[in-house]
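Working notes, structure below.
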Amino acid sequence: MNLQSNDFELFDLPRRFAQERSTIDNRWKELQREAHPDRFAAQGAAAQRIAMQWSVRINEAYQRLKDPQRRAAYLCELHGVPIRAEDNTAMPAAFLMQQMEWREALEEAKTLAEIDALEREVRQAQKAGLERCATLIDTQQDFAAAAQQVRTLMFIARFAHDVGQRQDQLGQ
């Protein structure tokens, strides 16, 4: 293992968006077994510290690879297109209108059924956004457009969180 490897190299995966979650999970388990500090107990504290560093590195890579949105962002960054969500919040007008409509619908919703319907719509938008990321990254290799799509997905994820909180409030 090489600490300088990117996540895909570390996990011995092709550098693409489309991945099987079970493959990522299985490889994570294998890597964790290989790097577990207990395997290095006889080699002393220094070897155990290095194994612990490896374990942390493996877990960080796993968190990025298993989450499609984070994986898309990581691929964009690997190809020289950082997401820059903190300072690049420009969004297409149609998307902003959709966000405003969703916010109004969330504020006006009085029943759990209304919130659940909104949640289904938001989940469908997330699914469509991830499918668009797959096309932009794996087929078109348009990482600038993929970065914009990731920023859009980040907005949708925040709204989905708000919907979930409202579901919890109404479900109590």
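Quick notes
- With R₀ fixed at 22 Å, the C-beta to C-beta distance from Lys127 to Met154 puts the FRET efficiency at about 0.90.
- Dipole of the chain, positive direction: furthest Cα of Leu78, Phe95, Leu153, with charges on the beta-carbon: Leu78
- Each Lys and Arg contributes +1 and each Asp and Glu -1, all at the Cβ; summed about the Cα centre of the chain, the dipole is approximately 520 debye.
- Modelled spin-label separation between Leu96 and Asp116, with each label point placed 7 Å from Cα along the Cα-to-Cβ direction: 3.5 nm.
- Part-to-part distance (alpha-carbon centres) for segment 117-170 and segment 12-71, which is given in Å: 27
- Residue-averaged 222 nm ellipticity for the chain, from DSSP H runs of 4+ at -39500 (n - 2.57), nearest 500: -23500 deg cm²/dmol
- Convex hull volume of the C-alpha atoms in segment 1-141, normalised per residue: 168 Å³.
- Kirkwood hydrodynamic radius of segment 93-171, from the reciprocal of the average inverse Cα-Cα distance over all distinct pairs: 13.3 Å.
- Divide the volume of the convex hull around the Cα atoms of segment 7-66 by the residue count and you get 63 Å³ per residue.
Every read-out reported here was derived from the displayed coordinates using simple, explicitly stated rules and does not represent laboratory data. All of these numbers come straight from a predicted model, not from anything done at the bench. Neighbour counts run over all protein chains shown; Cβ positions are idealised from the backbone, glycine included.
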